[in-house]
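Colleague: Can you keep this structure in mind? I'll have questions shortly.
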Amino acid sequence: MNQALITPAQFPELQAVWQRQNLKIVLTNGCFDLLHAGHLRTFCEAKKLGDLLVVGLNSDRSVRGLKGETRPLVRETDRALLVSALKPVDYVTIFDEPTASDLLLALRPHVYVKGGDYSLENLPERQAILEIGAQTVFVPLVEGISTSELVKKIRSANM
């Protein structure tokens with residue numbers, strides 16, 4: 001696996017290094033089941049907000065809980081490899097919870113980035129964000145592009 005894949009056990013050591021280097025840490029997260037231009041746009045916009053971009057990737061178990069038993073289409077190790085290969089992404093970490101709240105509390109990024117389908121009011125991680133004092137940025141979605149829509153198109157083409 002890629003060196004960019006990190007585990008929560010590595011966070012304290014990495015955070016100490018990043019703090020000494022005075023780096024601004026940005027976190028975004030999601031399932032990223034079928035990578036598309038909207039994901040890449042979010043990563044590019046997120047990277048502009050700091051020095052290091054960490055992507056939290058929902059585990060296979062977590063994706064099934066969020067999206068249903070037919071998902072994910074791509075297993076977590078492959079999704080992590082693909083996401084970590086993208087230029088704006090510095091690190092990927094896989095998390096098993098349905099929300100990124102525990103990840104936020106453990107990593108304590110300066111900036112948290114989510115897609116424009118969220119707002120601070122409906123964000124499941126709202127309390128964790130307030131607790132750590134992270135800036136929250138919402139990146140507008142790319143019109144007409146989503147993994148769910150891609151899955152529908154694929155399934156309808158196979159009928």
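Since every read-out is calculated from the coordinates, none of them should be taken as a lab result. As the structure is a computational prediction, the values presented were derived from the model and not from experiment. Cβ placement follows ideal geometry from the backbone for every residue including glycine, while neighbour counts extend to all protein chains displayed.
Colleague: Among what's in region 14-60 and is crowded, with 21+ Cβ neighbours inside 10 Å and among the aromatic types (Phe, Trp, Tyr), pick the residue that is farthest from Thr93 (Cα to Cα).
Modeller: Checked region 14-60; the qualifying residue farthest from Thr93 (Cα to Cα) is Phe43.
Colleague: Same structure, new question: Of all residues in region 61-74, which are of a type outside the set (Val, Ile, Thr) and crowded, with 18+ Cβ neighbours inside 10 Å? Let's see the steps before the verdict.
Modeller: Of all residues in region 61-74, those of a type outside the set (Val, Ile, Thr) come to 61-62, 64-69, 71-73.
Those that are of a type outside the set (Val, Ile, Thr) and crowded, with 18+ Cβ neighbours inside 10 Å: Ser62, Arg71, Pro72.
Colleague: Within the set of pairs 6+ apart or on separate chains, which have a first residue in region 121-149 that is touching a residue at least 24 places away in the same chain (Cβ under 8 Å) and within 25 Å of Arg64 (Cβ to Cβ), a second that is of a type in the set (Val, Ile, Thr) and not in a loop (DSSP other than H, G, I, E, B), and C-beta atoms under 9 Å apart?
Modeller: Close Cβ pairs satisfying both conditions: Glu125/Thr136; Leu141/Thr42.
Colleague: Looking only at region 40-57, which residues are touching a residue at least 40 places away in the same chain (Cβ under 8 Å) and in contact with a strand residue (DSSP E or B) (Cβ under 8 Å, 6 or more places away or on another chain)? Write out each step before concluding.
Modeller: Step one: of region 40-57, the residues touching a residue at least 40 places away in the same chain (Cβ under 8 Å) are 40-47, 49-50, 54, 56.
Selection gives Arg41, Thr42, Phe43, Glu45, Ala46, Lys47, Leu49, Gly50, Val54, Gly56.
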